[in-house]
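Read the structure below first, then the notes.
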Amino acid sequence: MRAAAFQKSLVSLFHKNPTLASAVIKGGLGSSVSDFPRNIFRASCHTMSQDSQFESPRTVVKKVLAKQQKEGEGATVRRSIGRMELRNLDPFLMLDEFYVSPPAGFPDHPHRGFETVTYMLQGAFTHQDFAGHKGTIGTGDVQWMTAGRGIIHSEMPATDGVNKGLQLWINLSSRDKMIEPRYQELPSEDIPTAEADGVEVRVIAGESMGVRSPVYTRTPTMYLDFTLKPRAQAHQPIPEDWTAFLYVIEGEGLFGTLNSPPAGAHNVLVLGKGDGLSVWNNGSKPLRFVLIAGQPLHEPVVQYGPFVMNSQAQIDQAIDDYQYAKNGFEMAKHWRSQS
């Protein structure tokens with residue numbers, strides 16, 4: 001076989017079946033192998049390792065920069081999902097990256113019809129509600145709160161300086177909107193982690209790299225915190241019919257394809273359809289982002305501030321229940337959080 005023809009055949013074989021191609025080379029082909037340029041072989045290996053690992057890779061279809069706004073009392077958040085540019089992303093209703101220093105915070109306020117997931121990135125927050133639940137979550141901890149039929153609570157910084165985290169709102173289906181409130185609290189040391197080839201993932205919900213979170217997600221959800229060292233890459237399967245997005249916490253990366261424009265901190269990237277996401281950190285600094293996906297509910301969404309229901313009549317009922325301390329808000333009449 002002539003060298004040029006051999007090179008062309010082996011490159012083609014590499015793209016179709018890299019294992020077989022490697023076996024052919026290792027098996028030896030006499031003088032023909034010596035004719036094959038080593039730099040082409042290495043480039044092919046590099047190209048294969050850089051390609052997406054998925055049959056139908058997800059790509060970025062929308063990019064939204066989270067913008068600062070005031071919330072609560074003196075608190076600052078960067079909101080991405082929940083703004084006019086990205087009103088909601090079924091089943092997700094809101095994503096805030098919050099920065100709070102005492103005495104600012106989020107004093108007593110109600111919720112109905114959805115879940116809140118608070119993930120602390122720095123500092124600590126103390127939560128208390130009208131049912132007597134009270135606790136503090138610190139750096140790396142997660143609180144997964146199902147508001148259900150109704151809850152009134154406060155969320156206030158527990159340390160001096162800046163307390164920073166992410167809060168995600170996840171919609172509940174119509175059959176779950178009026179369930180009893182519940183909590184799942186996951187200390188940092190109990191969050192499953194995996195690490196390989198310069199990639200670390202904390203599995204808050206769902207599964208990644210062979211480890212699974214113990215968190216029960218009433219609306220099926222994946223919530224993964226990835227950190228990629230420089231030159232590392234990650235490939236994460238995602239159920240094809242789920243809505244998916246990511247939020248960049250720090251660093252800069254390529255998401256979906258190698259020719260995509262780089263995205264940096266505070267950007268939400270909405271992903272299109274597909275069976276998985278590929279990410280590359282071609283920079284000199286670590287890249288950290290959360291990848292979040294969930295099964296869409298395909299139900300009407302009517303929202304009035306902290307109440308999320310399926311119809312205006314249900315919103316009117318929620319307001320009435322809250323004002324008159326009934327139907328889930330009975331304990332609201334005489335309760336106030338303790339500072």
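Structure above, values below:
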| quantity | calculated |
| --- | --- |
| Net charge, Ile152 excluded, C-beta distance under 9 Å - Lys, Arg +1, Asp, Glu -1 | -2 |
| Cα gyration tensor category, rounded, prolate or oblate, for segment 182-281 with a/c compared to 1.5 | prolate |
| Per residue accessible area in Å² of segment 98-177, where ligands, DNA and RNA are left out and the probe is 1.4 Å | 28 |
| Carbon/sulfur fraction of accessible area - segment 89-159, other protein chains in place, 1.4 Å, % | 58 |
| Net charge of neighbours whose Cβ lies under 10 Å from the Cβ of Gly274, counting Lys and Arg as +1 and Asp and Glu as -1 | -1 |
| Estimated FRET transfer efficiency (Ala131, Asp275; beta-carbon r; R0 41 Å; 0.05) | 0.50 |
| Accessible area (Å², per residue) of segment 260-329, counting only protein heavy atoms and a probe of 1.4 Å | 42 |
| Prolate/oblate/rounded call for segment 59-294, Cα gyration tensor, a/c under 1.5 rounded | prolate |
| Two-decimal Rg/Rh across segment 110-172, once Rg and the Kirkwood Rh are taken from alpha-carbon atoms | 0.97 |
| Inter-label distance, nm, simple model (7 Å from Cα along the C-beta direction), Gln323/Ala196 | 5.7 |
| Simple spin-label estimate for Glu330 and Lys229 in nanometres, 7 Å along Cα-Cβ | 5.7 |
| Accessible surface of segment 190-339 [probe 1.4 Å, protein heavy atoms]: carbon and sulfur percent | 50 |
| Environment charge at Gly82 (Cβ cut-off 15 Å; Lys +1, Arg +1, Asp -1, Glu -1) | +1 |
| Mean-position separation - Cα centroids, segment 175-200 and segment 229-283, in angstrom | 21 |
| Burial ranking of peptide ranges 104-113, 54-63 (average Cβ count within 10 Å, highest at the top) | 104-113, 54-63 |
| Segment 247-327: Rg to Rh, with Rh as the Kirkwood radius over Cα pairs | 1.22 |
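The values are calculated or read from the model by the stated rules, or taken from the named source; none is laboratory data. A quick note: this is a predicted structure, and the numbers were derived from the prediction, not measured. Here the Cβ is made from the backbone with ideal geometry for all residues, glycine too, and neighbour counts use every protein chain on show. What goes into the accessible areas is simple: the full protein's heavy atoms, side chains included, and nothing from ligands, DNA or RNA. Shrake-Rupley method; radii C 1.70, N 1.55, O 1.52, S 1.80 Å.
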